[in-house]
Amino acid sequence: MLHRIESKIKSLEETVALLDSMKPDCLSKFNEDKIYQGALLHYLYLAADTSIALAEMVLKFKNLRRSNSYYESIDLLGEYSVIPAEFAYDFAKIASFRNFLAHHYERIDYREI
């Protein structure tokens, strides 16, 4: 299980590095290029989804209570002091963002992204 967690962390680091590389002139590229829009949204989705999967894996690895939702997976890591509680509470909102990207992409306001 530890190997799977390490692999998931590496995957998340790679996705975050890709997102970081997209920062320069992001707004104008995003507004002008549909392919850039799709790539950015895809990498944002992957970062959110991987974060949630990682949280669930850590809960299982540490034999902690299983969550009932994606949001709760991250929140529980704070509750059990695996990560700072305040950060967990704030970061758990990534679960809603992930669900929005996965299920409501037709309603995305690209200016807000």
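Every number in this text was worked out from the coordinates using simple rules, so none of it is lab data. What you are looking at is a predicted structure, and each value in this text was computed from that prediction instead of being measured. When we count neighbours, we look across all protein chains shown, and the Cβ atoms used for this are built from the backbone with ideal geometry, even at glycine.
Structure summary
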{"item": "Highest average packing first - 88-99, 47-58, 8-19, Cβ atoms within 10 Å", "result": "47-58, 88-99, 8-19"}
{"item": "24 Å Cα-Cα reach of LYS8 towards lysines, excluding residues that sit fewer than 8 places from it in its own chain", "result": "LYS23, LYS60, LYS62, LYS93"}
{"item": "Pairwise label distance in nanometres, HIS104 with ILE83, each label 7 Å out on the Cα-Cβ vector", "result": "2.2 nm"}
{"item": "From phi via Karplus (6.51, -1.76, 1.60), per-residue ³J(HN,Hα) for segment 23-39 in Hz, x at Gly/Pro", "result": "4, x, 6, 4, 4, 5, 4, 4, 6, 9, 10, 5, 5, 4, 4, x, 5"}
{"item": "CYS26-ASP90 FRET efficiency (beta carbon distance; Förster radius 25 Å; 0.05 resolution)", "result": "0.65"}
{"item": "Candidates ASP33, ASP25, ASP75: whichever shows maximal mean-square fluctuation once the chain is modelled as a Gaussian network with Cα springs under 10 Å", "result": "ASP25"}
{"item": "Full-extension gain in nm, LEU2 to PHE97, via 0.36 nm per residue minus C-alpha separation", "result": "31.5 nm"}
{"item": "q = 0.12, 0.24 Å⁻¹, segment 2-107: log10 I(q)/I(0) [Debye, one scatterer per Cα]", "result": "-0.46, -1.29"}
